[in-house]
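The values are calculated or read from the model by the stated rules, or taken from the named source; none is laboratory data. Remember, it's a predicted structure, so these values are computed and weren't measured experimentally. Positions of Cβ are backbone-derived with ideal geometry, glycine not excepted, and every protein chain shown enters the neighbour counts. The accessibility values were calculated without ligands, DNA or RNA, using every heavy atom of the protein model including side chains. Shrake-Rupley method; radii C 1.70, N 1.55, O 1.52, S 1.80 Å.
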Amino acid sequence: MFHALCSLVSPELSIVQILPQADKVMLVARTKSAVSFCPCCGCRTGRVHSHYVRRLTDLPWQERIVEIRLNARRFRCANSQCPRQIFTERLPETARPKARRTSRLRDRQLAIGFAVGGEPGARLSHRLGMPTSGDTLLRMIRAAEFKPLEPPRVIGIDDWAWRKGQRYGTIICDLERNRVIDLLPNRNANAVASWLGCARCVLVDPFRDYLEKRWEEGERRGQQLWTEIKRRGFEGSKTIISRWTAARKQRSSTAASNVRWRPPSRRNCARLLSKEPRSLDQQTERFRWRCMRGRPAC
């Protein structure tokens, strides 16, 4: 039994004593390394400040709960300039700082929580010898760290029922990675088009500075811009760049048309006199005020 349990423990720890009890197995352990590294400055030190007992719950063994009583140490930092003079030793392969369960137990319980939820996950964990509460599983799910999603290249779009026969939404999936990307509250074409516009922005963002630079240099052809950024790692289609150039041309024409204000025609002048001044822009309101004073603008 001793050798079987020793093979299950992290390579950072060594078993000192086994204390079997009625419903669980208690392991007294200590760290193998004689030195540690400061988490603040990274300085290596072997100067022990004090000891304390740290309790960690581990994966079950033979349907019995396993608890590790670790004789942990506090160290003094060898760097006199470090603001953190005393720190506790880190065990990255065993458990996170201040955690009360090992990393591998946390991963198993987190997988159960994602699969079946809080209270059902708590009941399943109890049957598997990893007792925890539903609230703890929900806290673990909220605190879970996710890798940033890569921009999808092949997506699938379909409708699905929030409530069958009454309310439907749109589900968008990444067909290459076989995962759900987003859920839209309705199944309107405008909502999907807006989502696709945001997705295109995500693809173009890393190359936006280069595109703006080439645009200022006078390049207006979408085909040429797409060829250039494709050599730089762009994975989108030509349609995305064509729409970007069309939107860029529209912004340029809008900015150019707003440079010089044109006075309205006689018919529009009569309409301006009956409108609320607050609904007009600054230049039109000034023109209306001059018309009211009998001094029309030149």
Extension gain (nm, one decimal) between Gln166 and Asp23, 0.36 nm per residue minus Cα-Cα: 46.4 nm
Treating cross-link reach as a plain straight distance, find the aspartates and glutamates whose alpha-carbon is under 13 Å from the alpha-carbon of Lys24, omitting any fewer than eight places away in the same chain. Asp58, Glu63, Glu67
Rounded to the nearest 10 Å², the 1.4 Å probe accessible area of Asp135 is 90
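Quick one: net charge of Arg187's neighbours, Cβ under 15 Å, K/R +1, D/E -1?
0
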Given 0.36 nm per residue, what is the gain on full extension from Leu128 to Glu285 after removing their alpha carbon distance, in nm? 49.0 nm
Local electrostatic count, Trp61, Cβ distance below 13 Å [Lys/Arg +1, Asp/Glu -1]: -1
Give the accessible surface of the stretch 87-187 per residue, rounded to a whole number of Å², with probe radius 1.4 Å and ligands, DNA and RNA excluded. 69
Using R₀ = 30 Å, calculate the FRET efficiency as 1/(1 + (r/R₀)^6) where r is the Cβ-Cβ separation of Glu176 and Glu228; round to 0.05. 0.75
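How do Ser36, Ser274, Ser14 rank by accessible surface area computed with a 1.4 Å probe, from largest to smallest?
Sorted by accessible area, descending: Ser274, Ser14, Ser36.
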Built amide H within the under 5 Å cut-off of Thr132, gap 5+: His126
Given H placed on each backbone N at 1.01 Å, which residues far from Ile155 in sequence or on other chains put an amide H within less than 5 Å of it? Leu175
